[in-house]
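A quick write-up on the structure given underneath.
The values are calculated or read from the model by the stated rules, or taken from the named source; none is laboratory data. What you see is a predicted model, and the numbers here were worked out from it, not measured in a lab. Neighbour counts run over all protein chains shown; Cβ positions are idealised from the backbone, glycine included. All accessible areas refer to the heavy atoms of the entire protein, side chains included, with ligands and DNA or RNA removed. Shrake-Rupley method; radii C 1.70, N 1.55, O 1.52, S 1.80 Å.
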Amino acid sequence: MQQELSRLGFFKGKEKRLLLEKIEKKEAEIREAVLRAEKARKAANEQYNETRADYIKRVKSFIAMLKVGDEINLGSNGIWQGKPCPYTWRVQKIESDQVLIVLLHLLCTQYHDKEESVDWASCALRKKTIAEMLSDHFTKAEKSLLKKVSHDGVSDFIFAPSEQEINRYGLEIGRYGLEWLRGSTSDHGRAPIFDNGSVTTSDCTEEHFVTLLAWLDFS
């Protein structure tokens, strides 16, 4: 092979010099490209840090203005006269940069669509009603504010309260009738429900109200 290359003149002085110049030129171009990339990355990082600092400042100001009982709009459940009809939520609890909100518009729905034993992870209220609500009625930006909360072996952005959370969060539920609670149904298809100040059960295929909660994460 070397004999063939030598015969073609690849190892003559002039060709060697030209080849070396090309290599050096290419190395210089690569170094320049790397330098430009490093400068661009540094500028991008600086811009990101400035933007994030400004965002955090705005968020802190927003949270500082929030009070328990305030109402905010998040998500949209349809169009009325050409404009979105937003979901209205009440601020229930503020913990640092985490805000618990309660949907003011009670949903009337089944806990599950069959009379069978089922837990919160698999019930129709969670897997169908809330799942469709999230996918159809919230923008990507709105979803990014929702905090994923782990409980009962699953993680939820929006969820029904458990019996323990009624007192923990100071929830006022049951004012308009029976309300479903997060939990498991019995073998006879009876799911936990809040009835006139106490917790009992009801046929999971019946339609009752449900209060929905969500945590906003501004961290």
Q: Output the number of residues of the range 154-197 satisfying the condition of being touching a Pro at 6+ places or on another chain (Cβ under 8 Å) and of a type in the set (D, E, K, R).
A: 2
Q) When the residues of the range 165-189 are filtered to those that are of a type in the set (K, R) and assigned to a loop (DSSP other than H, G, I, E, B), which remaining residue is most open to solvent (accessible area, probe 1.4 Å)? A) R175
(Q) For the range 76-93, check the following and say yes or no: at least one residue is modelled with pLDDT of 90 or more, in contact with a helix residue (DSSP H, G or I) (Cβ under 6 Å, 6 or more places away or on another chain), surrounded by 14 or more Cβ atoms within 10 Å (Cβ to Cβ) and aliphatic (A, V, I, L, M). (A) no
Q. Which residue, of E15, E4, E50, E24, is at pLDDT below 85, among the acidic types (D, E), exposed (fewer than 10 other Cβ atoms within 10 Å of the Cβ) and part of a helix (DSSP H, G or I)?
A. E4
Q: Please give the number of the condition K39 fails out of (1) open to solvent by 100 Å² or more (accessible area, probe 1.4 Å); (2) at pLDDT below 85; (3) over 30 Å from S219 (Cβ atoms).
A: (2)
